[in-house]
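Reviewing the structure listed below.
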Amino acid sequence: MLVTYYGRTVLSRGPAKKQIDASPCRQYIAGTGSMDTILLQEAIMPAIIEIIRGDITRLAVDAIVNAANNTLLGGGGVDGAIHRAAGPELLRECAALGGCTTGDAKITKGYRLAARYVIHTVGPVWQDGHHGEPDLLRSCYRRCFEVAREHGVSSIAFPAISCGVYGYPLREGALLALTTAQEAAGSGDFSRILLVQFNEQAQQVYREAAQQLQLPVTVR
Ligand code: ADP
């Protein structure tokens, strides 16, 4: 098994090897620290935050987050994909929720999805960064974690909220997603926090943001 650290690839060794071999992914600790730190960290505390590439609608986690719009009546992008995969029952439940304000989050069942719940949140539309966008996006992530806690959600997957049609710069969005995920990871209430990217370039932006913040994350 290989451990990637600061762009260097080194062979794992020592007592942590078994733990590392059990994991099918690369463990990646951004920032400073020794090889021993990495092995110790992996042995005692595997990274809770995962930066993964894939389709969020296919994930078997307790809850997936939807980057919805204020109506909660479906739309394009990840919203459309989630509604298509969950089936028409999702739209029926959403229609009874009375919409959602920007920065807030509401929960529904997951219906035909592998995920038990969908947490719908409405991110800000990017204007120039001086119209409260960062506070609103931070609020989205925090409200999703709050709602998740209230429903006993332990594993949760997020798309890059607002970073598609709503135009939020991906790098800034990634830094915010990672910071709030780290807060939630510190609470001890979550076993896995997945930050899901559709393509490799977006995943790379998340990796670099994790490196900048020196956060321990798993990348796969
Ligand atoms: P918003 O309107 O909040 O910007 P979008 O759906 O347009 O929401 O995009 C949010 C992010 O979700 C974008 O980075 C987009 O590439 C990504 N995305 C779209 N579909 C999926 C999917 N099926 N799984 C994971 N991410 C997705």
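The values are calculated or read from the model by the stated rules, or taken from the named source; none is laboratory data. Keep in mind it's a predicted model, so treat the numbers as computed, not measured. Don't worry about glycine lacking a Cβ; one is built from the backbone with ideal geometry, like all the others, and counts go over all protein chains shown.
Overview of values
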item: Selection status of Thr121, buried (at least 19 other Cβ atoms within 10 Å of the Cβ), in the same structural domain as Gly75 (by TED's automatic domain parsing), of a type outside the set (A, V, I, L, M) and within 12 Å of the ligand (Cβ to nearest atom); result: yes
item: Options Gln182, Gln204, Gln214; residue that is surrounded by fewer than 20 Cβ atoms within 10 Å (Cβ to Cβ) and free of Cβ contacts under 8 Å to residues at least 40 places away in the same chain; result: Gln204
item: Tabulated pairs, region 82-102, first assigned by TED's automatic domain parsing to the domain that holds Ile161 and assigned to a loop (DSSP other than H, G, I, E, B), second surrounded by fewer than 19 Cβ atoms within 10 Å (Cβ to Cβ) and of a type in the set (A, V, I, L, M), C-beta under 9 angstrom, 6+ apart or interchain; result: Gly99/Leu73; Thr102/Val125
item: Residue match in region 145-152 (condition: surrounded by 18 or more Cβ atoms within 10 Å (Cβ to Cβ), within 16 Å of the ligand (Cβ to nearest atom), touching a residue at least 24 places away in the same chain (Cβ under 8 Å) and hydrophobic (A, V, I, L, M, F, W, C)); result: no
item: Strands (runs of 3 or more DSSP E) within region 118-220 that include 3 or more residues closer than 17 Å to Val78 by Cα; result: 155-158, 192-197
item: Condition met for Thr121 (without any contact (Cβ under 8 Å) to a residue 40 or more places away in the chain and among the β-branched types (Val, Ile, Thr)); result: no
item: Selection from region 76-103 of residues that are surrounded by fewer than 17 Cβ atoms within 10 Å (Cβ to Cβ) and at positive phi; result: Gly87, Gly98, Gly99
item: Residue in region 147-154 that is on the phi < 0 side of the Ramachandran plot and either touching a Ser or Thr at 6+ places or on another chain (Cβ under 7 Å) or not assigned by TED's automatic domain parsing to the domain that holds Ala105 (or both) present; result: yes
